[in-house]
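S.K.: After the structure tokens below, expect a handful of questions from me.
The values are calculated or read from the model by the stated rules, or taken from the named source; none is laboratory data. These numbers come from a predicted model, not from an experiment. So basically every Cβ, Gly included, is an ideal-geometry build from the backbone, and we count neighbours across all protein chains shown. Surface areas here come from the heavy atoms of the whole protein model, side chains and all, with no ligands, DNA or RNA. Shrake-Rupley method; radii C 1.70, N 1.55, O 1.52, S 1.80 Å.
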Amino acid sequence: MAFDVFISHSSGDTTVAKQLAEMLRDRGLSIWYDQWALQPGDPIQEQLREGLESSKSVLVLVSKTSVNSPWVSQEIEAALRQNLSASQARLVPVLLEPVELPAGLRDLQYIDATRRPLATEVIDKIQAAVTAAREADLPAVSTLVDAADFARLIAGEVGVSNRPDKGRSH
């Protein structure tokens, strides 16, 4: 099954992620969300790979917990390995809290949701970004990061600060 968007989030952001997934689904988008896609006993990494491979966009919820999450870091790296650009699958950072964006997201336009993460205007921006990727018929993301790249990413490219001074807000 093809998905419009893969939602990458930390377990600390589950409540917002689920509400966001429901709101986007109610607007007609097909969503890969871990709590809906993963069943007990599923091989997590394989399911993540399949979800990423079949998604046109990767929505990364950026918060204090997500910038320190190995799973979120792995999902970001997997998307970045595809050399995301205007002609490929779209990576969309959504800033939930004032933190420094992870290294791989700093050059991407992000959506600022620090004041009201589920406000209509935030959901509208997310929907517009995801719909643009779908309508442009962008290819889906295709491979997960290898172990060496994952170790490098975790070892030093993810940081936290008190304000989002890197990246560009939308």
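S.K.: Can you tell me which residue among ARG49, ARG25 is among the charged types (D, E, K, R) and either exposed (fewer than 14 other Cβ atoms within 10 Å of the Cβ) or modelled with pLDDT under 95 (or both)? If you could, list the steps in order and put the result at the bottom.
M.R.: Details: ARG25 fails: either exposed (fewer than 14 other Cβ atoms within 10 Å of the Cβ) or modelled with pLDDT under 95 (or both).
Testing whether each residue is among the charged types (D, E, K, R) and either exposed (fewer than 14 other Cβ atoms within 10 Å of the Cβ) or modelled with pLDDT under 95 (or both) leaves just ARG49.
S.K.: Applying the selection to segment 95-124, what residues are out of contact with any helix residue (DSSP H, G or I) (no Cβ under 6 Å at 6 or more places or on another chain), under 18 Å from THR14 (Cα atoms), open to solvent by less than 10 Å² (accessible area, probe 1.4 Å) and touching a residue at least 60 places away in the same chain (Cβ under 8 Å)?
M.R.: LEU95
S.K.: Among the residues of segment 22-67, which ones are closer than 13 Å to VAL130 by Cα and in contact with a Gly (Cβ under 6 Å, 6 or more places away or on another chain)?
M.R.: The one that is closer than 13 Å to VAL130 by Cα and in contact with a Gly (Cβ under 6 Å, 6 or more places away or on another chain): TRP32.
S.K.: Could I ask something else about it? Would a scan of segment 75-87 turn up a residue that is assigned to a loop (DSSP other than H, G, I, E, B), at pLDDT 85 or above, small (Gly, Ala, Ser) and within 24 Å of LEU48 (Cβ to Cβ)?
M.R.: Taking segment 75-87 first, the residues assigned to a loop (DSSP other than H, G, I, E, B) are 81-87.
Retained after the next criterion (residues that are at pLDDT 85 or above): none.
So far as segment 75-87 goes, no, none of its residues is assigned to a loop (DSSP other than H, G, I, E, B), at pLDDT 85 or above, small (Gly, Ala, Ser) and within 24 Å of LEU48 (Cβ to Cβ).
S.K.: May I pose another question? Would you mind finding the one in ASP4, ASP42 that is at pLDDT below 95, more than 21 Å from ARG116 (Cα to Cα) and assigned to a strand (DSSP E or B)?
M.R.: Sole residue among the options that is at pLDDT below 95, more than 21 Å from ARG116 (Cα to Cα) and assigned to a strand (DSSP E or B): ASP4.
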